[in-house]
Amino acid sequence: MLALPTSPAQFSQATWDDVRPWYDRLAEAPVAAGEGEAWLEAWSRLEELLGEAGTQALIDYTCDTTDAAKEAAYLRWSADIGPKAHEQAVRLARRALTLGLTRDDLATTLREFRTDDEIFREANVPRMGEIEELSAAYQKVTGGLSVDWDGTPKTIPQLGPFLQDTNRAVRERAFRKGAEAYLAVRDELATQFDQMYALRVAVAREAGFADYQAYTFRAKYRFDYTAADCARFHAGVEATVVPAVKRLHEYRRRQLGVDTLRPWDLGVDPLNRPALKPFANTDEFTGAAERVFARVDPELGARFARMRRERLLDLESRPGKAPGGYCTKYPWTKVPFIFMNAVGVGDDVTTLLHEAGHCFHDFESSSLPFIWQRGTGSEMAELASMSMELLAAPHLARPTGWYSEADARRARAEHLEDVLISLAHIACVDAFQAWIYTSGQGHDAAARDAAWLEIRSRFEQGVDWRGLERERVARWYRQLHIFELPFYYIEYGLAQFGALGVWRQSLRDPAGAVARYRQALALGGTRSLPELYRAAGVELVFDASAMAPIVAEVERAIEALRDGDPHAP
């Protein structure tokens with residue numbers, strides 16, 4: 001078919017002028033009857049090569065946002081090559097739809113190709129490039145934030161241990177410093193978001209949609225649920241999860257012996273025990289992770305060992321490193337990469353388990369023949385990651401994991417509490433994004449802040465925010481998804497309920513639950529979302545009636561772990 005470069009390195013310094021001819025050759029190559037799959041395979045290989053070069057630029061930049069050369073390379077890929085390559089991919093997708101491809105495992109891919117063709121508009125290509133430039137600017141601003149802590153600069157993630165300090169004054173100081181850092185750049189971030197909002201609205205209108213939410217549902221291939229379903233999800237969480245979280249907060253308030261629970265009281269142990277310190281260095285951190293994954297499944301342990309050997313991890317927080325955490329993959333070499341900001345706290349363990357779940361998804365689906373089959377919607381991707389958090393939970397204690405038996409029970413209880421708290425946060429963020437893009441007021445920075453406070457008050461109850469309205473507003477500016485990945489958040493909620501379904505199976509049949517989990521991941525994107533969930537033994541959950549028994553079982557597990565029950569789930 002088409003002789004392609006043999007290494008992504010051949011594209012590492014590429015400009016669009018270097019890349020464009022490869023798409024042209026595919027678009028113009030003769031395809032005889034019966035050669036459609038060979039042509040599709042050639043296109044898939046091109047996307048793997050380009051994708052790997054672009055992924056390397058992303059990793060290099062987020063690991064060091066202070067390096068001007070890395071920033072320029074990242075912007076070349078994300079803001080110039082990426083949007084133009086997407087335009088050419090739509091061109092090739094149109095051709096693919098004419099080639100008589102009939103494989104059953106390509107049905108979802110072809111449906112996505114048709115969607116891309118329907119919503120693509122050439123005029124949106126430069127707009128998408130501008131959005132990527134603004135996203136990089138957001139990363140640079142937030143990645144550069146630091147505070148003075150007794151004469152030592154600390155990144156915002158490095159304040160994490162102080163938020164768990166048993167001294168309430170230390171916690172309050174850390175909370176205020178973190179919020180003040182974002183408030184100091186609030187106007188700059190708000191201006192960036194104004195520009196992003198205007199561009200996104202223009203993209204949606206150009207493509208013929210009433211609003212950006214409607215456009216995004218199509219662009220994200222949300223074939224199996226609607227915006228109305230998401231509103232049902234918000235209402236279900238408000239009815240079932242929010243009261244449960246309020247009960248958790250009341251328990252915490254009583255144990256801490258305080259009149260009201262302030263935001264800086266949410267990270268400390270309610271019994272005022274010192275914060276969990278699961279590891280002292282990265283080798284301890286990753287060595288225990290390898291053992292834990294091997295207990296879940298020997299093949300998973302072997303895959304994580306490979307990641308350690310091949311340095312496919314960048315885990316420590318440091319100045320200039322972009323905030324947050326992610327798993328990405330090298331599509332040509334078919335290996336994943338984990339990026340995070342570990343500071344030696346219990347949340348780091350959860351983050352690594354989460355991102356490793358994404359890695360195992362990548363490994364499981366890597367043998368599928370075409371690049372588009374190996375990816376899934378985020379609803380399934382996050383099921384992979386969140387399920388791993390729960391499947392690994394029984395193995396957190398030493399000698400396998402990071403903790404004593406007592407601390408492992410404590411960590412598991414804290415994690416399940418965080419699951420409920422996160423569900424309320426997820427519903428809040430998704431409801432806020434829906435408001436931004438459908439209310440007609442999303443262009444107004446002051447209106448956005450006011451809407452956040454109103455929506456937040458629905459989903460976060462039992463915490464005293466009096467006198468801290470500005471600090472409460474600062475929370476949404478820290479949510480990078482709202483800036484960089486709009487409407488990428490409801491997926492976490494759907495996946496979390498799915499993962500809790502996997503967890504409930506594992507309480508009764510651990511080996512069977514892991515086997516079904518791996519079988520579902522191996523399907524990649526070759527089946528519809530409901531089919532993928534069913535392969536894992538679970539269903540999509542939107543309503544309070546389905547949420548209530550799951551939430552109740554989580555609450556019972558938390559109580560058993562608090563009581564020190566050795567048989568706690």
Using alpha carbons only, how many degrees (0 to 90, rounded to 10) separate the axis of helix 298-309 from the longest principal axis of the chain? 80
Using alpha-carbon coordinates, inclination of helix 124-143 to the longest axis of the chain, degrees: 30
Loop-resident sites, segment 37-126, for trypsin sites (Lys or Arg not before Pro), counting at most 16 other Cβ within 10 Å (DSSP): Arg103, Arg121
For segment 226-334, what mean projected area does the convex hull of the alpha carbons give, in nm²? 12.2
Aspartates and glutamates with Cα under 13 Å of Lys246, excluding same-chain neighbours fewer than 8 positions away: Glu238, Glu417, Asp418, Glu460, Asp464, Glu555
Taking a crude spin-label model, label points 7 Å out from Cα along the C-beta direction, the Ala280 to Ala522 distance in nm is 4.2
Determine, from the Cβ-Cβ distance of Asp117 and Ala68 and an R0 of 45 Å, the FRET efficiency 1/(1 + (r/R0)^6), rounded to the nearest 0.05. 0.75
Among the Cα-Cα pairs of the chain, the proportion with separation greater than 34 Å, in percent, is 39
Distance between the C-alpha centers of segment 83-162 and segment 213-263? Whole Å please. 26
Multiply the residue gap between Arg466 and Asp509 by 0.36 nm, knock off their C-alpha separation, and tell me the result in nm, one decimal place. 10.8 nm
Most exposed first, judged by fewest Cβ atoms within 10 angstrom, Lys140, Lys154 run Lys140, Lys154
Correct semi-axes for segment 486-526, from √(5λ) of the alpha-carbon gyration tensor and rounded to whole Å with the largest first, are 22, 15, 4
Taking the convex hull of the Cα atoms, report for segment 194-290 its projected area averaged over all directions, in nm². 12.0
Which value in deg cm²/dmol, rounded to the nearest 500, describes the helix-derived mean residue ellipticity at 222 nm for the chain, given -39,500 (n - 2.57) per DSSP H run of n ≥ 4 and division by the residue count? -21000 deg cm²/dmol
If r is the Cβ-Cβ distance from Asp18 to Arg94 and R0 is 25 Å, what FRET efficiency results, to the nearest 0.05? 0.60
Nearby lysines by direct alpha-carbon distance to Lys321 (threshold 20 angstrom, same-chain neighbours under 8 apart not counted): Lys70, Lys140, Lys154, Lys177, Lys329
Percent of beta bridges antiparallel (DSSP, segment 297-419, rounded to nearest 5): 55
Set of segment 471-506 residues, backbone N closer than 14 Å to the point 7 Å along the Cα-Cβ line of Ala546: 491, 493-502
Antiparallel DSSP beta bridges within the chain, percent to nearest 5: 70
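Where a number appears in this text, it was derived from the coordinates with a stated rule and is not lab data. These figures come from a predicted structure and were not determined experimentally. All Cβ positions, even for glycine, are placed from backbone atoms using ideal geometry, and neighbour counts span all protein chains on display.
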